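Below is one structure, written out as structure tokens; the observations come after it.
The values are calculated or read from the model by the stated rules, or taken from the named source; none is laboratory data. Given the structure is predicted, the values throughout are model-derived calculations rather than measurements. Reconstructed Cβ throughout: ideal geometry from the backbone, glycine too, with neighbour counts over all protein chains shown.
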Amino acid sequence: MTKERKLPEWAPPEGGDGFTSHVMKGVEGGHEGMPGYSHAERRSSPAKRRRLSVQELADGIRSGNRTMLARGITLVESNSVRHQEDSQQLLDSLMDLTGNSLRIGITGVPGAGKSTAIDTFGSMLCDQGHKVAVLAVDPSSSVTKGSILGDKTRMEKLMQQPNAYVRPSPTGGCLGGVARKSRETVLLCEAFGFDIILLETVGVGQSEVTVRSMVDFFLLILISGAGDELQGIKKGVIELADAIVVNKADGDNIQRARLAKAEYNRVLSFLNPFTEGWKTKALTASAIKGEGIPETWKLIQEFQKQTVASGVFQRRRQEQNLDWMRGLIDEALRRQFFADEGMKNKLEKISELVARGEVPPVKAVESLMSDWIR
Ligand SMILES: Nc1nc2c(ncn2[C@@H]2O[C@H](COP(=O)(O)OP(=O)(O)OP(=O)(O)O)[C@@H](O)[C@H]2O)c(=O)[nH]1
Ligand SMILES: [Mg+2]
């Protein structure tokens, strides 16, 4: 394999050798997911990192060891069955330390300034003594590979904070899979001691609904100067929000941002707030200048105080846990059903009959289910 020295795109011009990275040429096959890969070969690989026991990982995370946290998250993100068993054990042994953070979801159209806002907001929180973890929930970023690098440059302030942790999106899998991993990563981060978890997702698809189902507070970041349609934001996303921030309210954009804020407040007055008893508001901010960010934090704190007092906060957490469990039951049942050899044959046969219109689909399902349960 050849090695090539390369200055990363995000390195400052005066960065010098400290920023040099090695780019290794890829291999043609023989690693996971590629032709020629074999588990046996991999097991015998001398370069493999020592496998840590679940106990070692749990102790490491409890004692605040970042390497162990990263290894734990990698375990949780793995698709292998053995790793999944270990990760369930790991989560189980850390459950007593979870649930003590404020989970904040941040969504918005591409380029609205989510990462910049997280950088400013997260750094401010760290300065106040909080421990902040940032997770990206974005199944598309495994395709558009550049965004992880992009985020590291846009979160420069935060990356320097010893109390912050930035984890890019888990790669691979459908949204459901990525969501499971992110939920579990939130728990590991809480066990480690992060008291504020920020989950960034791009708000143009299904992922914002998923993130909404994982967080206590949901912030929508928009920009002025584009109609809702142009921003690709559906009314449905506005309805999920606990606050809207019209970002980039700086320079000659201030006036437009204020008008947009007033317009969103008007729209919000016609909608049912997502959170019972809370009035969703719009604010303006400049993530780059840091303006409007302390106000946003104040609003989030008010939200927390109010919903904890009314019990809405705790009820939502309980509901989210139950929804998560129900989702897992759905998944497990489906997996077992389709993996069952006997059912595969029956399904194949009955599918032909259904396709030809000889058996109605409802009847087919009834018959399959009664066979499966037996
Ligand atoms: N003028 C101005 N520009 C901003 C502000 N916030 C972000 N930007 C710029 O907008 C661009 C996009 O910012 P990001 O923070 O990467 O936006 P994002 O929403 O995270 O983008 P994706 O992750 O790609 O969806 C960058 O060039 C930022 O410098 C702001 O408050 N004012
Ligand atoms: Mg971003």
- Query: Restricting the first residue to segment 180-203 and requiring it to be in a loop (DSSP other than H, G, I, E, B), which pairs with a second residue that is more than 16 Å from ligand 1 (Cβ to nearest atom) and of a type in the set (Gly, Ala, Ser) meet a Cβ separation below 7 Å and a spacing of at least six or different chains?
  - Reply: Gly193/Gly64; Phe194/Ser101; Phe194/Ala133; Asp195/Ser101
- Query: Looking at (1) assigned to a helix (DSSP H, G or I); (2) surrounded by 10 or more Cβ atoms within 10 Å (Cβ to Cβ); (3) among the aliphatic types (A, V, I, L, M), which is the one condition that is false for Val362?
  - Reply: (2)
- Please determine, by comparing only the residues of segment 231-260 that are part of a helix (DSSP H, G or I) and charged (D, E, K, R), which one is nearest to ligand 1 (Cβ to nearest atom). Asp252
- Item | Complete set of residues in segment 197-210 that are in contact with a Ser or Thr (Cβ under 8 Å, 6 or more places away or on another chain), crowded, with 24+ Cβ neighbours inside 10 Å and closer than 22 Å to Gln314 by Cβ | Ile197, Leu199
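Take Val27 and decide whether it is modelled with pLDDT under 90 and either closer than 30 Å to Val245 by Cβ or within 16 Å of ligand 2 (Cβ to nearest atom) (or both). First the steps, then the outcome.
Details: modelled with pLDDT under 90: yes; either closer than 30 Å to Val245 by Cβ or within 16 Å of ligand 2 (Cβ to nearest atom) (or both): no.
Spelling it out, it is not the case that Val27 is modelled with pLDDT under 90 and either closer than 30 Å to Val245 by Cβ or within 16 Å of ligand 2 (Cβ to nearest atom) (or both).
Residue-by-condition table, conditions (1) outside the structural domain of Glu295 (by TED's automatic domain parsing); (2) within 24 Å of Ser207 (Cα to Cα); (3) not charged (D, E, K, R):
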residue	(1), (2), (3)
Ile238	no, yes, yes
Asp242	no, yes, no
Asp252	no, no, no
Arg256	no, no, no
Leu268	no, yes, yes
Leu271	no, yes, yes
Phe274	no, yes, yes
Ala282	no, yes, yes
- Note on the structure: When (1) modelled with pLDDT of 85 or more; (2) surrounded by fewer than 24 Cβ atoms within 10 Å (Cβ to Cβ); (3) within 16 Å of ligand 2 (Cβ to nearest atom) are applied to Gly122, the one that fails is (2)
- Query: So is Ala117 within 16 Å of ligand 1 (Cβ to nearest atom), in a helix (DSSP H, G or I) and in contact (Cβ under 8 Å) with a residue 40 or more places away in the chain or not?
  - Reply: yes
- Query: Is there any pair with a first residue in segment 234-256 that is more than 16 Å from ligand 2 (Cβ to nearest atom) and a second that is charged (D, E, K, R) and at pLDDT below 90 whose Cβ atoms are under 6 Å apart and which are 6 or more apart or on different chains, and what are they?
  - Reply: Val237/Glu208
- Task: Look at Glu263 and say whether it is surrounded by fewer than 14 Cβ atoms within 10 Å (Cβ to Cβ) and either more than 16 Å from ligand 1 (Cβ to nearest atom) or outside any helix (DSSP H, G or I) (or both).
- Result: no
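Restricting attention to helices (runs of 4 or more DSSP H) lying wholly within segment 46-103, give those where 1 or more residues are at pLDDT below 90 and surrounded by fewer than 20 Cβ atoms within 10 Å (Cβ to Cβ).
On the way: elements: 54-62, 66-77, 81-94.
The qualifying helices (runs of 4 or more DSSP H) are 81-94.
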- Please find, within segment 275-291, the residue that is surrounded by the fewest Cβ atoms within 10 Å (Cβ to Cβ) out of those that are β-branched (Val, Ile, Thr) and away from ligand 2 (no atom under 16 Å from the Cβ). Thr275
- Would segment 104-114 turn up any residue that is assigned to a loop (DSSP other than H, G, I, E, B), of a type in the set (A, V, I, L, M) and either within 8 Å of ligand 1 (Cβ to nearest atom) or not assigned by TED's automatic domain parsing to the domain that holds Val54 (or both)? yes
